Amino acid sequence: MGKKPLKIVTIGGGSSYTPELMEGFIRRGIPVGEIWLVDVEEGAKKQEIVGNLAQRMWDASPYKVNVHMTLDRREALAGADFVTTQFRVGLLDARIKDERIPLSYGMTGQETNGAGGIFKAFRTIPVILDIVEDMKELCPDAWLVNFTNPSGMLTEAVLRYGKWEKVIGLCNLSIGSMMKEPGLIGKTMDELTFRFGGLNHFLWHKVFDKGGQDVTMQVVDKLYDPSLDSGVPVNIFDVEFFREQYGQMEMIPCGYHRYYYRQEEMLHHMLEEYNDPKVGTRGQQVKKTEEELFALYQNPGLHEKPEQLAKRGGANYSDVACETIASIYENKMAPIVVSTRNNGALPDLPPDCVVEVSSLIGACGALPIAFGPLPPAERGWLQLMKNMELCVCQAAVSGDYGLALQAFMMNPLIPSGATAKRVLDELMVAHKKYLPQFANKIAQLEKEGVTVKDPMARNLA
């Protein structure tokens, strides 16, 4: 790639995260020539609002960049250098269904974990594979930088079924840990080395000082100090991990591990919110936050990212996304935690599957850093979750209902049995507009009288 002004395409341009992304490009001085925001008809109004704010942000910067908005993905992709993805198939209403339908049966309802995470993958994988097919034709040299959840499974699908090698999956969890944890032990980020290994939203890390000494447990000790901010993301209910478990694993689990290690307490909290009409599920809360954000975005005097965006749960998104793009463009070989092909970094998994690990990012993409084998408990979790993900990806591509059922029975957040199948069937019917690969099975389920139990989920578009 020559040193020319970049054409960057963002699919899901109407996302409330877009100002965060623009801020990152502006702050880093990445030589952007043009930005293209792409969305679907249902997101056109939001894209216009956020696109106008994005243009004002660039106009207030030292750089002359034009922000283009379109509903025609192919128009935008032609000649792109980088394609970033941050879209949500079915918008927030689909997320609310993913949460409320499982919770109506007393099981975890969450965006990327459990039944909801599986269905987000079912809806999203076919779309990102369509994007890849367009990229092969219109911008064959471009990099796909994916932030759409479930990021790890989408990256797996792009590599395994899309046969597209120039892809990197991103998440903001790791950068959040790297920014918060040094201060807990009186250090700065550049004084510590972090090593991450696992899967997206299911990874662990260790911390080392400049002398190579493992200081992970020093950090852990501070995580139990009530006077300090442990850095748990705003979208995750803060339940402490058991101290004895930390002591045995000698690693720090990511925030989303709470759904697995403290499933009882997390489920209780989700059910409390689900049953309180004044609170609602996380998706319902985000919907309210987004309404406030887009009201702010329409202010013609606003030309920067508002502070309220931090409530949305995507803090530091621009840091990891823009640093990844800059590292590829400049061949910086910067250490960044990404989803990429394993290639032996985690020997407990096959080399061809996707993992989330610390990697060096340069012009050739991600070079994963070896994390090494995991202890038995973590190895068991890792292998179960990866094989569940592989079933999900294959079912999303093939429309194999039996395989979808297998994934449900494997997932630790879904109690196996008749209720699991009922939730699977309800989610199929609820999302039928976005699940053409399962059309025949959904028609059969509807003939059998399967309907959505939860009134609010049933009434959503």
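Just to check your reading of the model, which residue among Arg95, Arg56 is assigned to a helix (DSSP H, G or I) and open to solvent by 30 Å² or more (accessible area, probe 1.4 Å)? Steps first, answer last, please.
Details: Arg95 fails: open to solvent by 30 Å² or more (accessible area, probe 1.4 Å).
Unique residue meeting the criteria: Arg56.
Please tell me if Lys3 is farther than 23 Å from Phe294 by Cβ and in contact (Cβ under 8 Å) with a residue 24 or more places away in the chain.
Working: farther than 23 Å from Phe294 by Cβ: yes; in contact (Cβ under 8 Å) with a residue 24 or more places away in the chain: yes.
In short, yes.
I'd like the full set of residues that are of a type in the set (Ser, Thr, Tyr) and part of a helix (DSSP H, G or I), limited to region 375-424. Steps first, please.
Our first condition is that a residue be of a type in the set (Ser, Thr, Tyr); within region 375-424, this holds for 398, 401, 416, 419.
If the condition is that a residue be of a type in the set (Ser, Thr, Tyr) and part of a helix (DSSP H, G or I), then Ser398, Tyr401, Thr419 are the ones that fit.
Out of the residues in region 146-157 meeting the condition of being out of contact with any helix residue (DSSP H, G or I) (no Cβ under 6 Å at 6 or more places or on another chain) and outside any loop (DSSP other than H, G, I, E, B), tell me which one is farthest from Cys393 (Cα to Cα).
Taking the candidates together, the pick is Ser151.
The conditions are (1) without any contact (Cβ under 8 Å) to a residue 60 or more places away in the chain; (2) open to solvent by 30 Å² or more (accessible area, probe 1.4 Å); (3) closer than 16 Å to Arg28 by Cα, and Glu307 fails exactly one of them. Which is it?
Among (1) without any contact (Cβ under 8 Å) to a residue 60 or more places away in the chain; (2) open to solvent by 30 Å² or more (accessible area, probe 1.4 Å); (3) closer than 16 Å to Arg28 by Cα, Glu307 violates only (3).
For Gln444, only one of the following conditions fails: (1) in contact (Cβ under 8 Å) with a residue 40 or more places away in the chain; (2) open to solvent by 70 Å² or more (accessible area, probe 1.4 Å). What is its number?
Evaluating Gln444 over (1) in contact (Cβ under 8 Å) with a residue 40 or more places away in the chain; (2) open to solvent by 70 Å² or more (accessible area, probe 1.4 Å) leaves (1) as the failure.
Can we say Ala334 is crowded, with 20+ Cβ neighbours inside 10 Å, small (Gly, Ala, Ser) and touching a residue at least 24 places away in the same chain (Cβ under 8 Å)?
Working: crowded, with 20+ Cβ neighbours inside 10 Å: no; small (Gly, Ala, Ser): yes; touching a residue at least 24 places away in the same chain (Cβ under 8 Å): yes.
No, not satisfied.
List the residue pairs whose Cβ atoms are under 6 Å apart, where the first residue sits in region 123-135 and is under 24 Å from Ala430 (Cβ atoms), the second is among the hydrophobic types (A, V, I, L, M, F, W, C) and open to solvent by 10 Å² or more (accessible area, probe 1.4 Å), and the two are 6 or more positions apart or on different chains.
Arg123/Val89; Thr124/Val89; Val127/Val89
Would you pick out the residues in region 284-298 that are without any contact (Cβ under 8 Å) to a residue 60 or more places away in the chain and open to solvent by 80 Å² or more (accessible area, probe 1.4 Å)?
Lys288, Glu291, Glu292
Look at region 11-39 and say how many of its residues are in contact (Cβ under 8 Å) with a residue 40 or more places away in the chain, farther than 24 Å from Gly301 by Cβ and buried (at least 19 other Cβ atoms within 10 Å of the Cβ).
Going through region 11-39 one residue at a time, the tally reaches 5.
Of the residues that sit in region 70-83 and are touching a helix residue (DSSP H, G or I) at 6+ places or on another chain (Cβ under 8 Å), farther than 20 Å from Lys3 by Cβ and not hydrophobic (A, V, I, L, M, F, W, C), which one is surrounded by the fewest Cβ atoms within 10 Å (Cβ to Cβ)?
Among those that are touching a helix residue (DSSP H, G or I) at 6+ places or on another chain (Cβ under 8 Å), farther than 20 Å from Lys3 by Cβ and not hydrophobic (A, V, I, L, M, F, W, C), it is Arg74.
Applying the selection to region 380-439, what residues are open to solvent by 50 Å² or more (accessible area, probe 1.4 Å) and charged (D, E, K, R)?
Result: Asp400, Lys421, Arg422, Lys432, Lys433.
Need pairs with beta-carbon distance below 6 Å; first residue hydroxyl-bearing (Ser, Thr, Tyr) and within region 61-85, second open to solvent by less than 80 Å² (accessible area, probe 1.4 Å); sequence gap 6+ or separate chains.
Going by the 6 Å Cβ cut-off, the qualifying pairs are Ser61/Ile26; Thr70/Val38; Thr70/Ala76; Thr84/Thr10; Thr84/Val145; Thr85/Ile11; Thr85/Asn146; Thr85/Thr148.
Do any helices (runs of 4 or more DSSP H) lying entirely in region 177-273 carry at least 3 residues that are more than 25 Å from Gly116 (Cβ to Cβ) and open to solvent by less than 20 Å² (accessible area, probe 1.4 Å), and which ones are they?
Details: elements: 216-223, 243-249, 258-261.
The helices (runs of 4 or more DSSP H) meeting that bar are 216-223.
Considering every residue within region 193-207, establish whether at least one is at pLDDT 95 or above and of a type in the set (Lys, Arg).
Of the residues in region 193-207, the ones at pLDDT 95 or above are 193-207.
Next, only the ones that are of a type in the set (Lys, Arg) stay: 195, 206.
Yes, there is a match, as at least one residue in region 193-207 is at pLDDT 95 or above and of a type in the set (Lys, Arg).
Run Tyr105 past the list (1) closer than 30 Å to Pro5 by Cβ; (2) in a loop (DSSP other than H, G, I, E, B); (3) open to solvent by 10 Å² or more (accessible area, probe 1.4 Å) and report the number of the one that doesn't hold.
Only one criterion in (1) closer than 30 Å to Pro5 by Cβ; (2) in a loop (DSSP other than H, G, I, E, B); (3) open to solvent by 10 Å² or more (accessible area, probe 1.4 Å) is unmet by Tyr105, namely (1).
May I ask you to list the residues in region 122-155 that are surrounded by fewer than 23 Cβ atoms within 10 Å (Cβ to Cβ), within 16 Å of His201 (Cβ to Cβ) and hydrophobic (A, V, I, L, M, F, W, C)?
none
Restricting the first residue to region 228-249 and requiring it to be touching a residue at least 24 places away in the same chain (Cβ under 8 Å), which pairs with a second residue that is in a loop (DSSP other than H, G, I, E, B) and among the small types (Gly, Ala, Ser) meet a Cβ separation below 7 Å and a spacing of at least six or different chains?
Close Cβ pairs (under 7 Å, with a partner that is in a loop (DSSP other than H, G, I, E, B) and among the small types (Gly, Ala, Ser)) amount to Pro233/Gly313; Val234/Gly313; Asn235/Gly313.
The values are calculated or read from the model by the stated rules, or taken from the named source; none is laboratory data. Keep in mind the model is a prediction, meaning the values are calculated, not measured. FYI the Cβ positions are ideal-geometry reconstructions off the backbone, even for glycines, and counts take in every protein chain you see. Just the protein is used for accessible areas: all its heavy atoms, side chains included, with ligands, DNA and RNA removed. Shrake-Rupley method; radii C 1.70, N 1.55, O 1.52, S 1.80 Å.
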